[in-house]
Amino acid sequence: LENLQPEIKELAKRLRYEVSVRGKQLGWSEKVARLHFTKNMRRIVTELYIRDNCHPFKATLLVWVQVPMWVCVSLALRNCSIGALGSAVQEQFSSGGALWFTDLTAPDSTWILPVSLGLVNLLVVEV
């Protein structure tokens, strides 16, 4: 979408000029000229999106899938860690850790996991 912006601006400038000239020839009011510009600009932008296969909805599609998934996983892990699913699951979490975090139900006092997760997410976004 960002790569199309210069082309869209150039086309908008050209279309604005053409609509202005045509409007003066046919005696259009400002409102009618604006309506023709908007309708034709919408058509041109849609054609560009189709040509380059980059509809704006595609950019938000990941968010519509990722956010509900993140909420569900977070709630599931929380329910597991507080023992909402039964004491057997909580016992497994309290003794199933590794390295410096042997108890998965206790908060990470060293902040190594939250900071490293944040840095990895930042790296993924930046790359």
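Report whether or not R78 is open to solvent by 90 Å² or more (accessible area, probe 1.4 Å) and outside the structural domain of T105 (by the TED database).
Criteria not met by R78.
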Just to be sure before I move on: is T110 at pLDDT 90 or above, among the hydroxyl-bearing types (S, T, Y) and exposed (fewer than 13 other Cβ atoms within 10 Å of the Cβ) in the structure I sent?
no
Scanning for something over 19 Å from the mean Cα position of the chain (by Cα), within 30 Å of L11 (Cα to Cα) and open to solvent by 100 Å² or more (accessible area, probe 1.4 Å), does region 99-106 turn up at least one residue?
no
Only one of these is under 30 Å from N121 (Cβ atoms) and not assigned by the TED database to the domain that holds L113: Y49, Y17. Name it.
Y49
Is one or more of the residues making up region 5-12 at pLDDT below 90, surrounded by 13 or more Cβ atoms within 10 Å (Cβ to Cβ) and of a type in the set (G, A, S)?
no
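For residues that are polar (S, T, N, Q) and either open to solvent by 100 Å² or more (accessible area, probe 1.4 Å) or in contact with a Ser or Thr (Cβ under 7 Å, 6 or more places away or on another chain) (or both), scanning just region 18-64, find the one that is nearest to L4 (Cα to Cα).
Going through the qualifying residues, I end up with N53.
The values are calculated or read from the model by the stated rules, or taken from the named source; none is laboratory data. These figures come from a predicted structure and were not determined experimentally. All Cβ positions, glycine included, derive from the backbone under ideal geometry; neighbour counts span all protein chains shown. Only protein heavy atoms, including side chains, enter the accessible area calculation; ligands, DNA and RNA are left aside. Shrake-Rupley method; radii C 1.70, N 1.55, O 1.52, S 1.80 Å.
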